[in-house]
Amino acid sequence: MPTVRIPPVLRQHADGATEVDANGATVGEVLQALVSQHPATREQLFSSGGDLNRFVNVYLNDEDVRVLDGLETSVKDSDTVMILPAMAGGQ
Amino acid sequence: MTPDTEVFVVQEITPNEAYEELQSSDAILIDTREPYEYVESHIDGANLIPPAMVADNIAEKVPDKSARVLVSCRSGVRSVTAAEVMMSMGYEDVASVAGGILEWQEQGLPVITSSALTAEQRDRYSRHTLLPEVGVDGQVKLLEAKVLLLGAGGLGAPTALYLAAAGIGKIGLVDDDIVDSSNLQRQVIHKTSTVGQSKTSSAREAIESLNPDVEVVEYNFRLDAGNILDVIGEYDIIVDGADNFPTRYLLNDASVRLKKPVVSASILSFDGQISTFMPYEGPCYRCLYPTPPPPELAPSCSENGVLGVMAGVMGLLQANEVMKLVLGIGEPLIGRLLLYEALGTRFTELKVRRDPACPICGPGAADVAESEMGQFPDYDAFCGGHVGS
């Protein structure tokens, strides 16, 4: 089953998990599986229209899904889907 | 074949004889000392081959075994050994310079000294100049480099200390904050005795006591659209350790306009990110993050906490990027985002591409008219008014 890596800012919405196993054949399905396990992550990831929020970067392994097929990008069981937030902390 | 037991009698010549030969013939001079000795002073035209490397490297410098080769060292001992090695390899016409460069200088013959560095600097930076990738030339580049640090806090503190130690010639510090005792858990450039002082002056004291070669410039204010171009225009490289999104986007847009590389890092709790944004060569910050997250998804360290050593790890990765950019060596993190997760001690590298639709550095981005320079959007409003501290 593909693994989803949860960034620090989303962990409070995922019961503190750093990684979640989530089934799906595409990046979109994997993220939907994450949302059904942890419903509080929905509004952080998706707009009300169901699109991925613009401020959320999603990587399949080391590649940005924006340069692949977006949410339609197919996912293998051994893949890692990473949700990447911008962080501004420097102090 | 030459039997192993053969004894070679090495011809020795005086420095004056060697000098005459080098002036009037095609004789090749091999200097068999360590790199740090060579850097300090050497004879013009001398080819450095450290003692341990003679057998391996001589053929590269002197392919013709019948060539006339003079060998020198510091005092004339290692040069005899090197000459014996060369003769055992079949070199036919080798001579050692008696007394080495010490006697050479004693006789008033000319040498090249590393005049670019003072004696004190040669000593201070010797561990740099020993590295072939740095050398005296590289150290001179460091001493001439101008680096601006955005933030003299968690990330800026270790970055500033190591860049100062490395002899970066001019370090600008932008911070409008004062030192608080809660900073000292990670902001190692500040001290208990400087609590209450401005961070820029506290950092300046630390840098100046570490390395008097460094010129420190304090910018005791926040960067805004009205001042950013003037400030960053003075510098070769910008190090972004800002604690808020408005400054990060403002810096990105200004640095792309002025084509200044930005080494950008951020830290939160046990996580860190770093990348190097080289305008037009690689992606910019907006290619990676087109829009900032809403405030509830952008907690700051003051709200969430941060493991103190995270600042050191990520700050020094930034310093390392600066060193590579100044020296022109290695592979900077251009087009790569490196993530560090401290609890698992896990590094993850992600690819970052230039966004063809990037409004700042994409091909569709309009050329900025001179009159528009310095005109930036209202970032505080754009970023939902979230300004961390």
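Observations, loosely collected:
- Region B:293-303, subset surrounded by fewer than 23 Cβ atoms within 10 Å (Cβ to Cβ) and either among the aromatic types (Phe, Trp, Tyr) or in contact with a helix residue (DSSP H, G or I) (Cβ under 8 Å, 6 or more places away or on another chain) (or both), residue modelled with the lowest pLDDT: B:299
- Single match in B:226, B:312 (criterion: within 30 Å of residue A:12 (Cα to Cα), in the same structural domain as residue B:162 (by TED's automatic domain parsing) and in contact (Cβ under 8 Å) with a residue 40 or more places away in the chain): B:312
- Any pair with Cβ under 8 angstrom, 6 or more apart, that starts in region B:124-137 at a residue that is at positive phi and ends at one that is among the polar types (S, T, N, Q): B:135/B:129
- One residue from B:261, B:246 being farther than 19 Å from residue B:350 by Cβ and within 13 Å of another protein chain (Cβ to nearest Cβ): B:246
- Filter result for residue A:16 (without any contact (Cβ under 8 Å) to a residue 24 or more places away in the chain, within 14 Å of chain B (Cβ to nearest Cβ) and at positive phi): yes
- Restricting region B:329-352 to residues that are in a loop (DSSP other than H, G, I, E, B) and surrounded by 15 or more Cβ atoms within 10 Å (Cβ to Cβ) leaves a set whose member that is nearest to the chain's Cα centre (by Cα) is B:332.
- From B:221, B:245, B:270, residue being within 17 Å of residue B:148 (Cβ to Cβ) and aromatic (Phe, Trp, Tyr): B:221
- Which listed residue, of A:84, A:71, A:34, A:52, is at pLDDT 95 or above and buried (at least 17 other Cβ atoms within 10 Å of the Cβ): A:34
The rows are residues; the columns are (1) within 14 Å of another protein chain (Cβ to nearest Cβ); (2) out of contact with any Lys or Arg (no Cβ under 8 Å at 6 or more places or on another chain); (3) basic (Lys, Arg).
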| site | (1), (2), (3) |
| --- | --- |
| B:117 | no, yes, no |
| B:122 | no, yes, yes |
| B:151 | yes, yes, no |
| B:161 | no, yes, no |
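- Residue A:21 falls short of the stated requirement of being touching a Lys or Arg at 6+ places or on another chain (Cβ under 6 Å) and farther than 30 Å from residue B:187 by Cβ.
- Taken over region B:91-128, the criterion of being surrounded by fewer than 16 Cβ atoms within 10 Å (Cβ to Cβ), in a helix (DSSP H, G or I) and charged (D, E, K, R) is satisfied by B:106, B:120, B:123, B:127.
- Output for region A:38-91, where each listed residue is in a strand (DSSP E or B) and within 21 Å of residue A:17 (Cβ to Cβ): A:46, A:52, A:57, A:58, A:59, A:60, A:80, A:81, A:82, A:83, A:84
- Within region B:265-274, if we keep just the residues that are within 20 Å of residue B:349 (Cβ to Cβ) and either in contact with a Cys (Cβ under 8 Å, 6 or more places away or on another chain) or in a strand (DSSP E or B) (or both), the residue that is farthest from the other protein chains (Cβ to nearest Cβ) turns out to be B:274.
- For region B:227-238, a residue qualifies if it is in contact with a Leu (Cβ under 9 Å, 6 or more places away or on another chain) and either in a loop (DSSP other than H, G, I, E, B) or within 10 Å of chain A (Cβ to nearest Cβ) (or both), and the qualifying residues are B:233, B:234, B:235, B:236.
- From the list B:143, B:131, B:161, B:149, the lone residue that is aliphatic (A, V, I, L, M), closer than 18 Å to residue B:325 by Cα and part of a strand (DSSP E or B) is B:149.
- Any hit, region B:12-23, residues being more than 31 Å from the chain's Cα centre (by Cα) and among the aromatic types (Phe, Trp, Tyr): yes
- Residue match in region B:248-264 (condition: over 19 Å from residue B:358 (Cβ atoms) and part of a helix (DSSP H, G or I)): no
- Residue pairs meeting the criteria (Cβ under 7 Å; at least 6 apart or on separate chains; first on the phi > 0 side of the Ramachandran plot, in region B:315-326; second of a type in the set (A, V, I, L, M) and surrounded by 20 or more Cβ atoms within 10 Å (Cβ to Cβ)): none
- Some residue of region A:20-39 being free of Cβ contacts under 8 Å to residues at least 24 places away in the same chain and within 14 Å of chain B (Cβ to nearest Cβ): no
- Residue match in region B:305-328 (condition: more than 8 Å from chain A (Cβ to nearest Cβ), over 22 Å from the mean Cα position of the chain (by Cα) and acidic (Asp, Glu)): no
The values are calculated or read from the model by the stated rules, or taken from the named source; none is laboratory data. Just so we're clear, the structure is a prediction, and the values are computed from it rather than from any experiment. Note that each Cβ is placed from the backbone with ideal geometry, even for glycine, and that neighbours are counted across all protein chains shown.
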